[in-house]
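Following: one structure in structure tokens, then a few remarks.
The values are calculated or read from the model by the stated rules, or taken from the named source; none is laboratory data. Quantities reported herein were computed from a predicted structural model and do not represent experimental measurements. Positions of Cβ are backbone-derived with ideal geometry, glycine not excepted, and every protein chain shown enters the neighbour counts. Just so you know, the surface numbers come from the protein's heavy atoms only, side chains and all, with ligands and any DNA or RNA stripped out. Shrake-Rupley method; radii C 1.70, N 1.55, O 1.52, S 1.80 Å.
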Amino acid sequence: PFEPSMWLTKEMCQCDAERDEVLARGYQRLVGSLLWAARGTYPEISVAVHQLCRVMACPSYKAWDAGMRVLGWLRAHRERGIKFSSHGNPLPIAYSDASNKPDPIDGLCQYGNVIMWQGGPIMWSSKKLCHVGLSAYHNEYMALRHALSGVVWLRQFFNEIGLTSLTDQPTLVYGDNEAANKLTRDDFVSTGNQYIYLPYHYLKECVRTGIVDV
């Protein structure tokens, strides 16, 4: 639904006339509609909508084309939806990933996560990291911490409504970087991790207490 490797920035807008024309076309209404779809039924467009929202006040022709591309993709897949099944995974499973391609404007990378249950996604997110990553595994480690927020909230919700059988064991969280995964379990300080902000190590506490297993 979105052109690979593209970054939308306000600097793409060449002049006020271009901005005004794109806004007059209904750019903000378009993005608002796409945002509704991304939050409710189409996690696949989360990256695209995040990019489109970043230039909401100053969109370019390229941003308009990108938004129409997403709309076209939704039209082509309008009969798809989220399907849950009793044959799906009986316990929630979280997946986390981060890019190692920094935004040229602020140096921040994109991350995303999704929690699957009974064969379908129940929580998902795609945003920018809050801090600049100094390596691929640094970005992945920070992304795991953001995925953890959703897992902790979901487990507390399950306990509150009496579904304690879903929280009897640690929730599995999958990341695709071995160094980042290892750092959630091992306490060691090296030149490769001594710069990581302390709040991100909340991951370690949650692994030790049995909330998650990365």
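Quick look at the numbers
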{"item": "Residues Arg208 and Leu23, FRET efficiency given R0 of 45 Å [Cβ-Cβ distance, rounded to 0.05]", "result": "0.35"}
{"item": "Total charge dipole magnitude, the chain, about the Cα centre, Cβ charges on Lys, Arg, Asp, Glu only, Debye to nearest 20", "result": "440 debye"}
{"item": "Vicinal HN-Hα couplings computed from phi for the stretch 116-128 (Karplus, 6.51 cos²θ - 1.76 cosθ + 1.60; Hz; Gly/Pro x)", "result": "9, 8, 6, x, x, x, 10, 9, 7, 7, 9, 8, 8"}
{"item": "Stokes-Einstein D for the stretch 111-214, Kirkwood Rh over Cα pairs, 25 °C, 0.890 mPa s (µm²/s)", "result": "170 µm²/s"}
{"item": "Normalised convex hull volume, the chain, alpha-carbon set, Å³ per residue", "result": "134 Å³"}
{"item": "Per principal axis, descending, Cα span of the stretch 148-203 in whole Å", "result": "45, 20, 17"}
{"item": "Between helix 136-160 and the chain: long-axis angle, C-alpha atoms, 0 to 90°, nearest 10", "result": "70 degrees"}
{"item": "Calculated FRET efficiency for the pair Asp106/Thr191, C-beta based, R₀ 22 Å, to 0.05", "result": "0.30"}
{"item": "C-alpha long axis of helix 16-25 to longest principal axis of the chain, angle in °", "result": "80 degrees"}
{"item": "Solvent-accessible area per residue, Å², over the stretch 1-96 with all protein chains present [probe radius 1.4 Å]", "result": "58 Å²"}
{"item": "Residue with peak Gaussian network fluctuation, the chain [Cα springs, cutoff 10 Å], from Thr191, Thr41, Thr164", "result": "Thr191"}
{"item": "Flagged links, alpha-carbon separation over 25 Å, of Lys83/Lys204; Lys127/Lys204; Lys62/Lys127; Lys128/Lys182", "result": "Lys83/Lys204"}
{"item": "Net charge of neighbours whose Cβ lies under 10 Å from the Cβ of Asn177, counting Lys and Arg as +1 and Asp and Glu as -1", "result": "-3"}
{"item": "Relative contact order (percent, whole number), the stretch 1-123, Cα cutoff 8 Å, 6+ residue spacing", "result": "25 percent"}
{"item": "Exposed-loop-free span, longest in the chain, where trypsin sites (Lys or Arg not before Pro) count as exposed if DSSP calls them loop and at most 11 other C-beta atoms lie within 10 Å", "result": "84-214"}
{"item": "Centre separation in Å (Cα based) which lies between the stretch 23-102 and the stretch 165-190", "result": "28 Å"}
{"item": "FRET efficiency for Arg39 and Thr164, using Cβ-Cβ distance with R0 set to 25 Å, rounded to 0.05", "result": "0.30"}
{"item": "The stretch 95-189, accessible surface, carbon-and-sulfur percent (1.4 angstrom probe)", "result": "56 percent"}
{"item": "Crossing angle, helix 61-76 versus the chain [Cα axis fit, 0-90 degrees, rounded to tens]", "result": "60 degrees"}
{"item": "Expected 222 nm ellipticity per residue - DSSP helices of 4 or more, -39500 (n - 2.57), all of the chain, to 500", "result": "-12500 deg cm²/dmol"}
